[in-house]
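Undergrad: Take a look at the following structure, please.
The values are calculated or read from the model by the stated rules, or taken from the named source; none is laboratory data. The model shown is predicted, which means the values in this text are computed figures rather than measured ones. Backbone-built Cβ (ideal geometry, glycine too); neighbour counts: all protein chains shown. Areas reflect the complete protein model, heavy atoms only, side chains present, ligands, DNA and RNA absent. Shrake-Rupley method; radii C 1.70, N 1.55, O 1.52, S 1.80 Å.
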Amino acid sequence: MKYIPQSIIVRPVITERATEMRDKNNKYLFEISTQANKQEVKAAIEELFKVKVESVNILNVLGKFRRIRGKLGKKSDWKKAFVTLKEGNKIDIAGA
C-alpha cells in the first residue's frame, strides 16, 4: 500500500477537552485510519502541517450500540491519536 498522509489523518477532533489539551499541553487530537500505526501518524502530521512531533499515543474507540426505530444498530469503531508537538511548534486547526 502506498503511503498517503491524507489517508492516515481523517480529521481533527475539536471538542472542549481537545481545545483545553491543545492550550495547556500542546497536544492535538485527530481521528485516524483504523489501520494506521504511531510511525505513520507521526510522519503524516509532520508532512501535512510542517511541525516536529514529540510523541503519539493511539486509542481504539469502540462504537456504541444504539436503537434506531426499534432496531438495534452499532456505530462504527474508530481510532484517535493524541499528538504531542515539540516546544515552539503549533498547528492552526481552523486553517486546516
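Undergrad: Using a 1.4 Å probe over the heavy atoms of the protein chains, calculate the carbon and sulfur portion of the accessible area of the chain as a whole percent.
TA: 50 percent
Undergrad: Counting heavy atoms of the protein chains only and a 1.4 Å probe, report the per residue accessible area for the chain as a whole number of Å². Show your work: numbers first, answer last.
TA: On the way: 6960 Å² over 96 residues.
Normalised by residue count, the accessible surface of the chain is 72 Å².
Undergrad: Kindly express, to the nearest 10 degrees and within the range 0 to 90, the angle between helix 16-25's C-alpha long axis and the longest C-alpha principal axis of the chain.
TA: Computed tilt is about 20 degrees.
Undergrad: Once both axes come from the Cα atoms, what is the angle between helix 38-49 and the longest principal axis of the chain, in degrees from 0 to 90, rounded to 10?
TA: With both axes taken from Cα atoms, the answer is about 60 degrees.
Undergrad: Counting other C-beta atoms within 10 Å, and keeping those with at most 11, which DSSP coil trypsin sites (Lys or Arg not before Pro) do you find in region 15-89?
TA: Passing sites in region 15-89 are 50, 64, 69, 75, 86.
Undergrad: Rounded to the nearest 500 deg cm²/dmol, what is the calculated helix-only ellipticity per residue at 222 nm for the chain, with -39500 (n - 2.57) per DSSP H run of length n ≥ 4?
TA: After summing the helix terms and dividing by residue count, I get -7500 deg cm²/dmol.
Undergrad: I'd like to know which of 44, 62, 14 lies farthest towards the positive end of the charge dipole of the chain, counting +1 on Cβ of Lys and Arg and -1 on Cβ of Asp and Glu.
TA: Sorting the options by dipole projection puts first 62.
Undergrad: Now for a separate question. About its Cα centre, what dipole magnitude does the chain give when the only charges are +1 on Lys and Arg Cβ and -1 on Asp and Glu Cβ, stated in debye to the nearest 20?
TA: 680 debye
Undergrad: Checking the a/c ratio against 1.5 first, then a/b against b/c, what shape does the Cα gyration tensor give for region 1-74?
TA: oblate
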